[in-house]
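Read through the structure below, which is laid out as structure tokens, and then see the notes.
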Amino acid sequence: MKKYYIMLLWTLTISCSDDYLEKKPNKSLVVPSTLSDLEALLNNTSVMNIGPGLGVLGVNDFFMTDEGWQGFTDPVEQFGYTWESDIYRGQESFTEWSYPYRQIFYANTVLDALSNIPMNSGNEAQWKTIKGRALFHRAISHYQLAQLFCLPYSNETIDQPGIPLRLNSDVDTPVTRSNIQQTYTQIIADLTEAETLLPAVVPSRTQPTTATAKGLHGIVSLAMNNYTDAEKYTSQSLDIDNSLLDYNDLNSESRLPITQYNKEISFHSVSNYYSFPYSAQAFIDTLLFDQYDENDLRKKVYFRNRGVNRYTFKGHYSGLYSLFVGVGIDELYLVRAESRVRNRNVAGALEDLNSLLIKRWKAGTYFPITESSEEALLHIILSERQKELVFRPARWTDLRRLNKDVRFQRTLTRKLNGAIYSLPPNDNRYVYPIPVDEITFSGVEQNPR
């Protein structure tokens with residue numbers, strides 16, 4: 001990681017404004033020193049609004065044809081699809097590891113620089129917003145890494161290896177793995193502070209708000225099985241912004257019916273490049289497709305008919321063919337619904353679920369769910385999470401956490417070239433291997449295979 005951070009020092013120097021570079025043409029000496037410099041770093045969407053999409057590849061909500069799979073040029077896509085123990089096949093670096101740490105490096109650079117810029121009455125709002133944004137980016141990047149490279153959070157795993165926590169921009173800081181408890185404690189601490197600093201309104205959905213930080217706090221709490229905090233923080237977020245798209249207003253015939261930066265996006269972020277979201281041979285799982293009612297508009301908004309009862313996904317909240325890996329307000333409704341039913345608040349859970357679904361069904365056809373059994377309602381909500389959040393990383397996190405409960409354990413299977421591949425509950429392959437170059441340069445402990 002040290003070698004990688006040194007390389008980033010050069011990258012960072014060309015990320016500030018043209019003005020700034022003109023003032024300091026010797027790029028090897030460039031150090032961000034003004035609030036405008038720091039804003040320029042955080043406004044670099046090609047760095048700060050890119051996140052991991054590997055978890056989407058790992059769930060079996062879709063399947064590839066043999067021909068489509070053979071068309072993969074990236075070994076990670078080929079061997080991640082079949083849940084191989086070694087997905088890299090000689091590839092030393094991996095963007096799903098390096099890109100989040102690049103965001104963290106930028107965030108830490110901003111935070112370190114802020115310590116040398118006094119806050120005063122003239123810059124207070126800008127100073128606080130910059131710090132809040134940096135803390136948010138560090139939190140979401142650490143969280144996304146934790147979903148891929150360490151075990152899911154539980155009472156049994158908190159002492160197991162977490163991820164390396166980078167809390168400053170010093171490339172000489174030794175790289176070690178925290179434990180899982182320390183990983184999540186840091187994520188929560190960063191979000192808690194960010195919530196007090198971020199503004200309620202921002203000029204672009206590429207920037208987080210206080211509602212975004214609270215919403216992510218709720219999402220992280222759900223991943224920690226802390227249903228009290230998951231309900232608390234999603235409620236605080238939704239009290240600020242509870243906007244939902246009405247799918248009746250969308251053009252379901254469009255190739256990309258959901259527009260970029262729409263009102264249901266709390267924070268916009270897209271995945272690193274993968275070819276499977278674009279592929280005409282990545283078909284939605286038939287059993288999943290059949291769960292959508294004919295009056296459920298997601299059936300047309302999300303899926304493109306490719307003939308012979310095969311459908312590909314087109315409902316990307318990125319507004320592009322890239323996977324959406326940011327924070328969606330629809331997800332917050334579902335986090336709160338699940339948390340409420342687990343907290344024995346059936347009425348509240350029903351309110352959240354019905355508020356979402358009435359915006360997803362054809363006008364005049366939706367009849368509110370009235371289920372009174374906590375157990376039955378929980379199953380309904382979990383089913384709706386899968387249907388609503390298809391082709392988003394949340395499904396991978398859900399499988400990891402729900403596999404700890406025998407009621408919801410699932411063995412994933414895929415058929416390819418005549419062979420059957422499977423991923424049993426709680427298998428080591430639910431944690432991806434750390435890239436070879438990281439092991440080589442820092443010596444951190446590899447994940448069991």
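The values are calculated or read from the model by the stated rules, or taken from the named source; none is laboratory data. Keep in mind that what you see is a predicted model, and the values were worked out from it rather than measured. Reconstructed Cβ throughout: ideal geometry from the backbone, glycine too, with neighbour counts over all protein chains shown.
Observations on the model:
- Hey, Phe136 of a type in the set (A, V, I, L, M, F, W, C) and under 30 Å from Ala282 (Cα atoms) or not: no
- Qualifying position, being at pLDDT 95 or above, part of a helix (DSSP H, G or I) and under 25 Å from Glu124 (Cβ atoms), among Glu195, Glu231: Glu195
- Of the residues examined, Leu378 is not one that is closer than 23 Å to Asp246 by Cα, in contact with a helix residue (DSSP H, G or I) (Cβ under 6 Å, 6 or more places away or on another chain) and either assigned to a helix (DSSP H, G or I) or not hydroxyl-bearing (Ser, Thr, Tyr) (or both).
- Listed by position, the helices (runs of 4 or more DSSP H) inside region 28-93 whose residues that are surrounded by 16 or more Cβ atoms within 10 Å (Cβ to Cβ) and of a type in the set (Phe, Trp, Tyr) number at least 2 are 75-81.
- Condition check for Thr397: touching a residue at least 60 places away in the same chain (Cβ under 8 Å), under 30 Å from Arg298 (Cβ atoms) and exposed (fewer than 14 other Cβ atoms within 10 Å of the Cβ): no
- In region 307-331, residue surrounded by the fewest Cβ atoms within 10 Å (Cβ to Cβ) [restricted to those that are of a type outside the set (Phe, Trp, Tyr) and touching an Asp or Glu at 6+ places or on another chain (Cβ under 9 Å)]: Asp330
- Residues that are part of a helix (DSSP H, G or I), over 21 Å from Arg342 (Cβ atoms), of a type in the set (A, V, I, L, M, F, W, C) and touching a residue at least 40 places away in the same chain (Cβ under 8 Å) do occur in region 420-442, at least one of them.
- Selection count, region 115-136, where residues are under 27 Å from the mean Cα position of the chain (by Cα) and not charged (D, E, K, R): 8
- Some residue of region 336-343 being more than 19 Å from the chain's Cα centre (by Cα) and surrounded by fewer than 20 Cβ atoms within 10 Å (Cβ to Cβ): yes
- Residue in region 251-273 that is under 23 Å from Thr45 (Cα atoms), in a loop (DSSP other than H, G, I, E, B) and at pLDDT below 95 present: yes
- Unique residue being surrounded by 15 or more Cβ atoms within 10 Å (Cβ to Cβ), modelled with pLDDT of 95 or more and not in a strand (DSSP E or B) when the list is Val201, Val220, Val175: Val220
- Residue count, region 290-328 (criterion: at pLDDT below 95 and β-branched (Val, Ile, Thr)): 1
- Hits in region 335-390 - residues which are in contact (Cβ under 8 Å) with a residue 12 or more places away in the chain and of a type in the set (Val, Ile, Thr): Val335, Val341, Val346, Thr365, Ile369, Thr370, Ile380, Ile381, Val390
- Count - residues of region 98-151 that are within 15 Å of Val47 (Cβ to Cβ), crowded, with 23+ Cβ neighbours inside 10 Å and either at pLDDT below 95 or aromatic (Phe, Trp, Tyr) (or both): 3
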